[in-house]
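> Got a structure for you, written out below as C-alpha cells; questions coming shortly.
The values are calculated or read from the model by the stated rules, or taken from the named source; none is laboratory data. Keep in mind that this is a model prediction, so the values were computed, not measured. FYI the Cβ positions are ideal-geometry reconstructions off the backbone, even for glycines, and counts take in every protein chain you see. Only protein heavy atoms, including side chains, enter the accessible area calculation; ligands, DNA and RNA are left aside. Shrake-Rupley method; radii C 1.70, N 1.55, O 1.52, S 1.80 Å.
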Amino acid sequence: MRNYDDLQIWAGADYAVNDVLTIHQPKVGEVIDFGERRYFGLISVLTATPTEYKAPLFDMGIDWENITDYDMFILFSRSIPVDDSRILLGNLDLSSMEPFVNGAGEVALKSGDGVVIDKNIYYNINSYISKTHGIKKKRDVAGNAFTKRMLIKLNREELEMAKSKPYTSRMLPLISALVNSPGFKYNSHQVRDIGIVEFFDSVNRTQAIRHANAILNGMCTGMVDSSKISESSYNIFKDLI
C-alpha cells in the first residue's frame, strides 16, 4: 500500500515507512560517490521478482512460479552487507535479521533492536523503490514443462552474459542529456545536489515535454491526425512519479 507524499518525496524527503524504519533518499552525488553499479545492484535485490532469478531459484530446488516476491526477499535480503544497504536503510542490518512467525502466522524478519519487516512493510518498501526508480516488474508464466526448461535456460544464459559484460553507466548518458537540454536549470556540478527522485522525474519530464511538443507541432502542421491522439500523450503536467 502506498502511503508516501509524492510532493515531499519529489522535493527530496526521506520516506518514513513507519516509526522505526525510514528509507533515505540519496542525492545524485551520493549515488555517484557510493558507486552507481553498487547502488543499482542494491535496488535490484530489493525489488527483484522470481522471474528475474529463474535459474538460481531452480538450482535451489525452487520453482519461480511457486514463490512470491516477498518469499524471495526473505531468501536473498540477508546476503546484503550493511555497508551496501546503508545508503538507503541507514544502520538497519538486513544480513543480521532473523526470520520468525508473527501473530498473523506469517514469516517476518526481525533485527536485534526490534525492527520488523513483514509482508506489508516489504511491499510498501518495494512499491516505493520501484515507483521512484521507474522499475517495471517482469512476470513470466510457463505454459508447460518444456517452456519452463527453456525459460530457465535462457535466464541462466542472460545472467552469465551479464557477469561477463563490462559495466556501462546508467546515469552518465541521462545526466549528460539533462545538463545539455534547454531549460534544465542545473549544471554538471549542481545536479549532484538534487534527490534521485527529482533526477529521474526530470529525465522523464524532459522526454514528455519533447514528445508533447513534437505531437503539437505535427498537429499544427497537419502532419498528425489529432483525432487519433489521446490528450494524455501531449499533457506535460501528467503524473510521472
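> Just to be sure I understand the model, the point goes 7 Å from the Cα along the line to the Cβ. What's the resulting R86 to R156 distance in nm?
Spacing of the two 7 Å Cα→Cβ label points: 3.8 nm.
> Beta carbons within 10 angstrom, averaged per residue: use that to sort the peptides 83-91, 185-193, 100-108, highest first.
Averaged packing, sorted descending, gives the order 83-91, 185-193, 100-108.
> Now a separate question. Could you check how much of the accessible area of the chain is carbon and sulfur, as a whole percent, using a 1.4 Å probe?
Working: 7570 of 13780 Å².
Whole-percent figure for carbon plus sulfur exposure: 55.
> Given the rule -39500 (n - 2.57) for each run of at least 4 DSSP H residues, summed and divided by the residues of the chain, what is its mean residue ellipticity at 222 nm, to the nearest 500 deg cm²/dmol? Display every interim value, and only then the final one.
Working: 10 runs with 114 residues, N = 241.
Mean residue ellipticity, 222 nm, calculated: -14500 deg cm²/dmol.
> Taking all pairs of distinct Cα atoms, average 1/r, flip it, and tell me the Kirkwood hydrodynamic radius of segment 16-150 in Å to one decimal place. Could the numbers behind the result be given before it?
On the way: mean 1/r = 0.0623 Å⁻¹.
Result for segment 16-150 stands at 16.1 Å.
> If you take the charge dipole of segment 86-241 about its Cα centre, with +1 on Lys and Arg Cβ and -1 on Asp and Glu Cβ, which of V107, L151, S127 is farthest toward its positive end?
L151
> Then there's this: Pairs of alpha-carbon atoms within less than 8 angstrom and 6+ residues apart define the contacts here; what relative contact order does the chain have, in percent?
24
> So how do 114-127, 163-176 stack up, highest first, on mean other-Cβ count within 10 Å?
114-127, 163-176
> Subtracting the Cα-Cα distance from 0.36 nm times the residue separation, let me have the gained length for S164 to S188 in nm, one decimal.
This chain segment gains 5.6 nm when fully extended.
> Could you do me a favour and compute the accessible area per residue for segment 1-66, 1.4 Å probe, result in Å²?
50
> Turning to a different aspect of this structure: Under the 0.36 nm per residue contour assumption, what length would be gained going from the current alpha-carbon distance of K131 and D113 to full extension?
Taking K131 through D113 to full extension adds about 3.6 nm, to one decimal.
> OK, next. Two-decimal Rg/Rh of the chain from alpha-carbon positions, Kirkwood Rh?
Using Cα coordinates only, the ratio equals 1.02.
> Excluding ligands and nucleic acids, what accessible area in Å² is computed for E65 using a 1.4 Å probe, to the nearest 10?
Using a 1.4 Å probe on the heavy atoms, I get roughly 70 Å².
> Can you tell me the dipole magnitude for the chain around its Cα centre, using point charges on the Cβ only (Lys, Arg +1; Asp, Glu -1), in Debye to the nearest 20?
860
> Also, I was wondering about something else. Add +1 for every Lys or Arg and -1 for every Asp or Glu among the other residues with Cβ under 11 Å from the Cβ of Y167, and state the total.
Counting the neighbours of Y167, the net charge comes to +4.
> Karplus couplings for segment 178-183 from phi (6.51 cos²θ - 1.76 cosθ + 1.60, θ = phi - 60°), rounded to Hz, Gly and Pro as x?
Values per residue, Gly and Pro as x: 5, 5, 9, 8, x, x Hz.
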